[in-house]
Amino acid sequence: MKKPSFLERLTGSVNLDDFDEVLEEDIAFADDDAVYEDDTQQDEGDWAGGEDEGDAQEGELPVDMYQTGDSIVIRALVAGVSPADLDIAITRDMVTIKGHREEDQEAPDDDYYHRELFWGAFSRTLLLPEEVLIDEAEAKEQHGLLEIRLPKVDKDRSTRLEVKSKAKGS
């Protein structure tokens with residue numbers, strides 16, 4: 001069975017094809033009182049992002065992307081991330097947003113009733129529907145909402161070019 005996506009883990013949704021595949025497999029269930037190697041419940045490790053030892057899982061950042069008359073706008077919730085810890089790379093047709101959300105754990109794992117927030121590294125790469133002017137791009141963050149504004153390349157714009165001549169004797 002494939003590893004669930006960040007969104008599937010976040011919402012608890014299940015792909016029905018994967019569910020049928022699981023039903024067809026012979027599964028040996030562990031004892032409810034079983035102690036795992038890392039001394040935590042197996043499903044808690046899934047939420048923490050590390051099923052395998054040392055396997056740091058990267059979450060996928062959910063975004064909204066829309067256009068205005070002259071720009072493409074990308075919005076993402078990055079609450080708990082310092083703007084200095086965000087890495088945004090832009091090309092004419094692609095944007096990549098990377099960051100890391102540090103967990104300030106105030107209680108031991110055993111004292112949590114629910115663990116649904118995503119902590120750790122995240123990234124998202126988006127193919128843009130149109131070319132953009134990367135030198136004029138702007139990014140701002142306010143109250144945990146990142147907004148990237150990418151001006152579109154105006155393909156209808158034209159200009160007249162004057163031909164200069166270096167004639168002898170001038």
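Residue pairs whose Cβ atoms lie under 6 Å apart, separated by 6 or more positions or on different chains, with the first residue in region 90-114 and more than 30 Å from Leu133 (Cα to Cα) and the second in a loop (DSSP other than H, G, I, E, B) and aliphatic (A, V, I, L, M), do not occur. Of the residues making up region 109-125, those that are closer than 28 Å to Lys152 by Cα and either touching a Pro at 6+ places or on another chain (Cβ under 6 Å) or among the hydroxyl-bearing types (Ser, Thr, Tyr) (or both) are Ser123, Thr125.
Results for (1) modelled with pLDDT of 90 or more; (2) closer than 30 Å to Lys152 by Cα, shown as yes or no for each residue.
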position: Ala34; (1), (2): no, no
position: Glu44; (1), (2): no, no
position: Glu51; (1), (2): no, no
position: Gln67; (1), (2): yes, yes
position: Ala76; (1), (2): yes, yes
position: Asp85; (1), (2): no, yes
position: Ile90; (1), (2): yes, yes
position: Ala107; (1), (2): no, no
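The values are calculated or read from the model by the stated rules, or taken from the named source; none is laboratory data. Quantities reported herein were computed from a predicted structural model and do not represent experimental measurements. As a convention, Cβ positions derive from the backbone with ideal geometry for all residues, glycine included, and neighbour counts pool all protein chains shown.
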